[in-house]
Amino acid sequence: MSTFIVTFELIQPALNQERLLQRIRAYPSWARVSLVSYLILTPETVVQVRDQLVGFLKPGDKLFVGNCPVPSAWHGQPEDVSKWILENQPKA
């Protein structure tokens, strides 16, 4: 399993945000780190994740899927998100 960061910017969120979020939350494990950023745990590649999520985007929307680097640092995350990161980020 790999940990990836998924970030997006939707030109008209009302049109497709809920469907996109449902798809992101369908990955085996995930944590929301901001309004438009998620960490996901999946056996797929970044290209496979991108290709799956692109179908939920409209023209002009932006999407980034990248490997979650280690070590990572954060501030202000809820306890459950911090715990998720500690349990799922790759070990250095």
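Between Val33, Val65, Val81, where does the largest GNM mean-square fluctuation fall for the chain, given springs only between Cα atoms within less than 10 Å?
Val81
Across every pair of different alpha-carbon atoms, what Kirkwood hydrodynamic radius in Å does the chain reach?
Numbers: mean 1/r = 0.0736 Å⁻¹.
After inverting the mean inverse Cα-Cα distance, the result is 13.6 Å.
What is the chain's relative contact order, in percent, from Cα pairs under 8 angstrom and six or more apart in sequence?
Working: 129 pairs, mean separation 36.5, N = 92.
It comes to 40 percent, rounded to a whole number.
Just to make sure I understand: if all protein chains stay in place, what is the order of Ser37, Ser2 by accessible area at 1.4 Å, largest first?
Numbers: Ser37 15, Ser2 45 Å².
Ranking Ser37, Ser2 by accessible area, largest first, yields Ser2, Ser37.
Would you kindly derive the ³J(HN,Hα) couplings of the range 78-88 from the backbone phi angles with the Karplus curve 6.51 cos²θ - 1.76 cosθ + 1.60 (θ = phi - 60°), listing them in order in whole Hz, with x for Gly and Pro?
Coupling constants for the range 78-88: x, 4, 5, 6, 4, 4, 4, 4, 4, 7, 10 Hz.
Can you give me the solvent accessible area of Arg19 with a 1.4 Å probe, rounded to the nearest 10 Å²?
120 Å²
What is the set of long-range amide H partners of Ser29 at a cut-off below 5 Å, with H atoms built 1.01 Å from backbone N?
Those lying under 5 Å, H to H, from Ser29 are Leu41.
On full extension of the chain, what length is gained from Ser2 through Ala26, given 0.36 nm per residue of separation minus the C-alpha to C-alpha distance?
Details: separation 24, 0.36 × 24 = 8.64 nm, distance 1.52 nm.
Using 0.36 nm per residue and subtracting the Cα-Cα distance, I get 7.1 nm.
Amide H neighbours of Ser37 under 5 Å, at least 5 residues apart or on other chains, H built in the peptide plane: list them.
Placed amide hydrogens put nothing under 5 Å from Ser37.
The values are calculated or read from the model by the stated rules, or taken from the named source; none is laboratory data. Bear in mind the structure is a predicted one, so any value in this text is a computation, not a measurement. Protein only, heavy atoms only, side chains kept; ligands, DNA and RNA dropped before computing areas. Shrake-Rupley method; radii C 1.70, N 1.55, O 1.52, S 1.80 Å.
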